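*Asks:* The structure that follows is given in the form of structure tokens.
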């Protein structure tokens, strides 16, 4: 009994597992690797979150954002209104269009520049929002790939591995 206890204490004694520690030299600990990957991914997502964090807006900023949303619908609805007014009262419409014909050309250029800058700035903001959402999607790609690998392993285990149906496995190899 003393020899067996001595051998067991040599291998597993002192609160240590010598076999496990020795295996750790040759093979990476899967649980520790998963923890490191989770920490790395959390750090990357934290960096993205801090980079693209949206500040809380004041009442004034929200009011201005609301005002900035008016021109596009106003232009679209105004244009539709012009079509309706031309059909409802053509004389009234013709009088208004004659008035617009009297606007000097430099004023049309100014109006064109203002509208172009407004829509150009709005396009830039929307483009930056798209890039932010794209960065978030890219950040989650490694997680999706890992999950697909886990699901594939589960499917193989469910199907009994490679020994369940040799004919099917050969057919699948030929398909790849």
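*Asks:* Is there a residue being touching a helix residue (DSSP H, G or I) at 6+ places or on another chain (Cβ under 6 Å), at pLDDT below 90, in a helix (DSSP H, G or I) and under 30 Å from residue 143 (Cβ atoms) anywhere in region 6-22? Show your work before the answer.
*Replies:* Within region 6-22, the first condition is being touching a helix residue (DSSP H, G or I) at 6+ places or on another chain (Cβ under 6 Å), and the residues that meet it are 11, 18.
Now restrict to residues that are at pLDDT below 90: 11, 18.
Restricting the remaining residues to those that are in a helix (DSSP H, G or I) gives 11, 18.
When the remaining residues are screened for being under 30 Å from residue 143 (Cβ atoms), the result is none.
Within region 6-22 (the criterion being touching a helix residue (DSSP H, G or I) at 6+ places or on another chain (Cβ under 6 Å), at pLDDT below 90, in a helix (DSSP H, G or I) and under 30 Å from residue 143 (Cβ atoms)), the answer is no, since none of the residues qualifies.
*Asks:* Condition check: under 23 Å from residue 134 (Cβ atoms) and not assigned by TED's automatic domain parsing to the domain that holds residue 133. Does residue 40 satisfy that? Step through it out loud before you land on a result.
*Replies:* Working: under 23 Å from residue 134 (Cβ atoms): yes; not assigned by TED's automatic domain parsing to the domain that holds residue 133: yes.
Yes; evaluated as a whole, the condition is true for this residue.
*Asks:* Give me a count of the residues in region 42-58 that are within 27 Å of residue 127 (Cβ to Cβ) and either assigned to a helix (DSSP H, G or I) or modelled with pLDDT of 85 or more (or both). Give the steps one after another, and end with the answer.
*Replies:* First, the residues of region 42-58 that are within 27 Å of residue 127 (Cβ to Cβ): 44-58.
Checking which are either assigned to a helix (DSSP H, G or I) or modelled with pLDDT of 85 or more (or both) leaves us with 44-51, 58.
Result for region 42-58: 9.
*Asks:* On to the next question. Looking at this structure, is residue 30 at pLDDT 75 or above and under 23 Å from the mean Cα position of the chain (by Cα)?
*Replies:* Values: at pLDDT 75 or above: yes; under 23 Å from the mean Cα position of the chain (by Cα): no.
Judged against the criteria, residue 30 is not a match.
The values are calculated or read from the model by the stated rules, or taken from the named source; none is laboratory data. Remember, predicted model here, so these are calculated numbers, not experimental data. Cβ: placed from backbone, ideal geometry, glycine included. Neighbour counts: every protein chain shown.
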